[in-house]
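Below is one structure, written out as structure tokens, with a few remarks after it.
The values are calculated or read from the model by the stated rules, or taken from the named source; none is laboratory data. None of the values given here were measured: they were computed from a predicted structure. As a convention, Cβ positions derive from the backbone with ideal geometry for all residues, glycine included, and neighbour counts pool all protein chains shown. With ligands, DNA and RNA removed, areas are computed over all heavy atoms of the protein, side chains included. Shrake-Rupley method; radii C 1.70, N 1.55, O 1.52, S 1.80 Å.
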Amino acid sequence: MLTACLATAYLAPVQYYSKLASFDEVLIEAYENYPKQTYRNRCLIATTNGIQTLTVPVEKSETIKCPTRDIRISNHGNWRHIHWNALVSAYNLSPFFEFYADDFRPFYEKKYTYLIDYNLSLQLMICNLLDIAPKISLTEKYSPEIKNDYRTVIDPRHPLPDADFSPKPYYQVFNNKHGFIPNLSIVDLLFNMGNEAVLFIKNLRHCEVEDRSNVL
């Protein structure tokens with residue numbers, strides 16, 4: 001059984017879901033010291049003006065170092081309404097937005113306390129839509145060395161080389177305006193490609209995933 005380790009992520013990019021589709025078991029890191037400005041609380045979508053970042057606000061920790069599992073979502077402001085409106089504005093003309101809208105809308109109505117719980121609930125719902133079923137669990141401690149470690153590989157600012165992921169173009173609503181934008185949030189692929197999204201993800205691997213170790 002092949003196992004990988006990923007960071008928690010909010011509406012994670014296509015690359016992230018290619019791992020969920022490739023491995024039998026996935027560990028979600030819960031005990032790391034929470035880093036800022038990552039996919040853990042943000043995603044990238046395509047809009048008429050280009051790429052837009054959606055960020056889930058989190059409460060400031062009382063200590064400098066705080067485990068990811070203890071990070072709380074901030075209810076200051078109206079971010080749920082803002083995020084949902086941004087998704088509607090960006091994808092209401094996409095072929096499959098209306099088909100999936102009722103699956104996503106509840107996540108912008110219900111309040112969650114912890115970021116990791118919110119992300120995991122979204123992730124499980126999206127895996128179900130994609131018809132992929134890896135065994136997903138949270139880590140029970142922090143390990144600096146772990147097999148198939150993608151915790152820092154999939155990063156919006158400083159992505160690391162990933163031999164098992166090769167972005168390939170698919171239809172996007174604003175293709176004619178911006179050209180193809182790779183590795184956006186999984187919602188971009190779902191809303192544009194529908195049921196074909198899972199086939200697209202499974203075909204992204206250009207080499208067989210092996211059981212190997214990466215050292216942070």
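Some observations on this one:
- Residue in the stretch 33-49 that is over 30 Å from PHE180 (Cβ atoms), surrounded by fewer than 18 Cβ atoms within 10 Å (Cβ to Cβ) and in contact with a strand residue (DSSP E or B) (Cβ under 6 Å, 6 or more places away or on another chain) present: no
- Residue selection: SER143 fails the criterion of being in a strand (DSSP E or B) and not hydrophobic (A, V, I, L, M, F, W, C).
- Yes/no for ILE154 being part of a loop (DSSP other than H, G, I, E, B), open to solvent by less than 20 Å² (accessible area, probe 1.4 Å) and either closer than 14 Å to GLN15 by Cα or without any contact (Cβ under 8 Å) to a residue 12 or more places away in the chain (or both): yes
- Whichever residue in the stretch 135-147 is at pLDDT below 95 and touching a strand residue (DSSP E or B) at 6+ places or on another chain (Cβ under 6 Å) and, among such residues, is nearest to LEU20 (Cα to Cα): LYS147
- Boolean, SER166 is within 24 Å of HIS83 (Cβ to Cβ) and either open to solvent by less than 60 Å² (accessible area, probe 1.4 Å) or part of a helix (DSSP H, G or I) (or both): no
- Selected residue (criterion: most open to solvent (accessible area, probe 1.4 Å)) from residues of the stretch 64-123 that are outside any loop (DSSP other than H, G, I, E, B) and acidic (Asp, Glu): GLU98
- Filter result for LEU130 (touching a residue at least 60 places away in the same chain (Cβ under 8 Å), in contact with a helix residue (DSSP H, G or I) (Cβ under 9 Å, 6 or more places away or on another chain) and surrounded by 15 or more Cβ atoms within 10 Å (Cβ to Cβ)): yes
- Residue in the stretch 133-142 that is surrounded by 13 or more Cβ atoms within 10 Å (Cβ to Cβ), touching a residue at least 60 places away in the same chain (Cβ under 8 Å) and within 21 Å of VAL187 (Cβ to Cβ) present: yes
- GLU59 open to solvent by less than 20 Å² (accessible area, probe 1.4 Å), more than 15 Å from GLN123 (Cα to Cα) and of a type outside the set (Lys, Arg): no
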